[in-house]
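**Q** Here it is, the structure in full.
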Amino acid sequence: MKRTRRPSKSVERDILSAAFLRGEFQLSQTKIGALLGGLSQSRVSRLLKLAEARRLLDVRYRFLGADELSPEHLADLQALVEPKELLDILRRFDSKNGVRVREVRVVDTGGPGETPRTTDLRLARLGRGAATRVGELLQRSSIFAVTWGQTVSHVVDALAAAPPRLDRPVTFVPVCAEPLDRSSNKETSSHLVQRLHRLLQPDAPPPPSLTGVPALIPLKFLIRDHSIRQFIEEAASYREIFGGADPLIKRVDTLITSVGPADRPMGFIHDELLKAGSIEGKPLTATKLASLVAGDIGGILIPRRTLKDEKDKTAVEALNEMWTGVKRKHLERIARDADRNNRPGVIVVSLDRPEIVAEVIRQGLVNELIIDRATTGKVAQLLEEGT
């Protein structure tokens, strides 16, 4: 009987190294060979085949034959992978204001993971899947509003990797201001708008910016003196977006946003939200906040439907008063006008957030939903149960 020879330690190391560089960073065989000390392309190819045989690599494929599919064939194939249960519920679902989800795009992002690295990889996959649809919707937009956060940032990353060609001018508008407790970063609304503008409208006049405008006015200041809000509203870009007789927010026809869960609404400024919402002798804790809200959409806190106490409802209204960005009334207007004007409306992109996704659908704040496949069944169940 012929014995299988085990690879030497050096070969074993090369197999693992080549598989890691390919799987984690999608490097070419030539680049991998250079990084591993000048291995030939054919040698790297053999190493990768050995890695595949040992299931060290999860090989994925991309379809490049879209131009050869007829529209009918494409529709048939897409129907095979549609989240049928969720779509069936959405077709007969009546939201609070009559707005229905027009289209759902489902992205396979892999199974849930515990580590930041796993989450980031899944968000990158979601971003790539979402970018295709967002690129299509950009063709029907004139004024495109952008919120903030890691999820939206990944969509912008994917658009940068494969920029859509626009047949019409588009004005990009930030609708969330800046954190105070941490430095501005690439995930803020103004930064994302600047990136989209440079990518897709580089020759157009620069977009407005909310850099320097605080996202939250602490509750203790609002209680004492409302003039601080008037001071913020004097900022030129803020007036252009939200103030005056004809602000941009009244003409926005598309808005892209993610959602935040009840245990961490407002994402990277969650801690700032807790601090701003606290007053002397009455701290706002994460537990208390989670009991009041189902989460947030673009920084707007959505109260739980189970709230009965008027004090609790008033508390959520007070917390939303602190927010200087886009308001719920703006989202409702954009969502309602979308079908009437054949514009995209509110685009929600979400990973692992079934409860708040179901709630914003109930509230009629979503026109286009882009979601990970693992979440679709849970969203369908929540909508069906009404919980």
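**Q** Which value in deg cm²/dmol, rounded to the nearest 500, describes the helix-derived mean residue ellipticity at 222 nm for the chain, given -39,500 (n - 2.57) per DSSP H run of n ≥ 4 and division by the residue count?
**A** On the way: 17 runs with 184 residues, N = 387.
So the helix-based figure for the chain works out to -14500 deg cm²/dmol.
**Q** Quick check for you: with a 1.4 Å probe and neighbouring chains kept, what is the accessible area per residue of the chain, in Å²? It would help to have the intermediate numbers written out before the result.
**A** Numbers: 20880 Å² over 387 residues.
Computed with neighbouring chains in place, this is 54 Å² per residue.
**Q** Taking the chain as a Gaussian network, Cα atoms linked when under 10 Å apart, which of 314, 376, 115 shows the biggest mean-square fluctuation?
**A** The residue with the greatest mean-square fluctuation here is 115.
**Q** Carbon and sulfur together cover what percent of the accessible area of the stretch 297-380 at a 1.4 Å probe radius? Write out the running numbers ahead of the final one.
**A** Details: 1390 of 3110 Å².
Solvent-exposed carbon and sulfur of the stretch 297-380 make up 45 percent of the total.
**Q** Another one. Put a dot 7 Å past each Cα toward the Cβ at residue 340 and residue 34; how far apart are the dots in nm?
**A** For residue 34 paired with residue 340, the spin-label model returns 5.7 nm.
**Q** May I pose another question? Please work out which option in [x] 21.2; [y] 22.3; [z] 23.1 gives Kirkwood radius over Cα pairs in Å calculated from these coordinates, and answer with its label.
**A** [z]
**Q** Quick one: grab the alpha carbon gyration tensor of the stretch 249-343, order the square roots of its eigenvalues as a ≥ b ≥ c, and give me rounded if a/c is under 1.5, else prolate or oblate depending on whether a/b is larger than b/c. Mind dumping the intermediate values first?
**A** Details: a/c = 2.30, a/b = 1.94, b/c = 1.18.
Because a/c hits 1.5 or more and a/b exceeds b/c, the stretch 249-343 counts as prolate.
**Q** So which trypsin sites (Lys or Arg not before Pro) in the stretch 134-184 pass both tests, a DSSP loop state and at most 10 other Cβ atoms within 10 Å of the Cβ? Spell out each step's value before the answer.
**A** On the way: sites: 140, 165, 182; in loops: 140, 165, 182.
Sites meeting the loop and neighbour criteria: 165.
**Q** Another question, if that's okay. Between residue 264 and residue 180, what is the label-to-label distance in nm when each label sits 7 Å out along the Cα-to-Cβ direction?
**A** 2.3 nm
**Q** Turning to a different aspect of this structure: 5 Å is the cut-off here: which amide hydrogens, built 1.01 Å from N in the peptide plane, fall below it relative to residue 144, excluding neighbours closer than 5 in sequence?
**A** Answer set, sorted by chain and number: 171, 172, 173.
**Q** Just 68, 85, 136 to compare: in a GNM of the chain, with alpha carbon springs under 10 Å, which one fluctuates most?
**A** 68
**Q** Determine, from the Cβ-Cβ distance of residue 329 and residue 74 and an R0 of 51 Å, the FRET efficiency 1/(1 + (r/R0)^6), rounded to the nearest 0.05. Write out the running numbers ahead of the final one.
**A** On the way: r = 38 Å, r/R0 = 0.75.
With a Förster radius of 51 Å, E is 0.85.
**Q** Quick check for me: using +1 on Lys/Arg Cβ and -1 on Asp/Glu Cβ, what's the dipole size of the chain about its Cα centre, in debye to the nearest 20? Please report the intermediate quantities before stating the final value.
**A** On the way: 60 positive and 50 negative charges, 295 e Å.
Result for the chain is approximately 1420 debye, rounded to the nearest 20.
**Q** Name the most mobile residue of 216, 196, 69, meaning the one with the largest mean-square fluctuation, in a Gaussian network model of the chain with Cα contacts below 10 Å.
**A** 69
**Q** If you take the charge dipole of the chain about its Cα centre, with +1 on Lys and Arg Cβ and -1 on Asp and Glu Cβ, which of 244, 59, 131 is farthest toward its positive end?
**A** Ranked along the dipole, the leading option is 59.
**Q** For a Förster distance of 51 Å, can you work out the FRET efficiency between the beta-carbons of residue 142 and residue 287, rounded to the nearest 0.05? Kindly include the intermediate steps, with their values, before the conclusion.
**A** Values: r = 43 Å, r/R0 = 0.85.
About 0.75, to the nearest 0.05.
The values are calculated or read from the model by the stated rules, or taken from the named source; none is laboratory data. Predicted, not measured: the structure shown is a model, and the values here were computed from it. Positions of Cβ are backbone-derived with ideal geometry, glycine not excepted, and every protein chain shown enters the neighbour counts. To get the accessible areas, we keep the full protein, side chains included, count just its heavy atoms, and leave off ligands, DNA and RNA. Shrake-Rupley method; radii C 1.70, N 1.55, O 1.52, S 1.80 Å.
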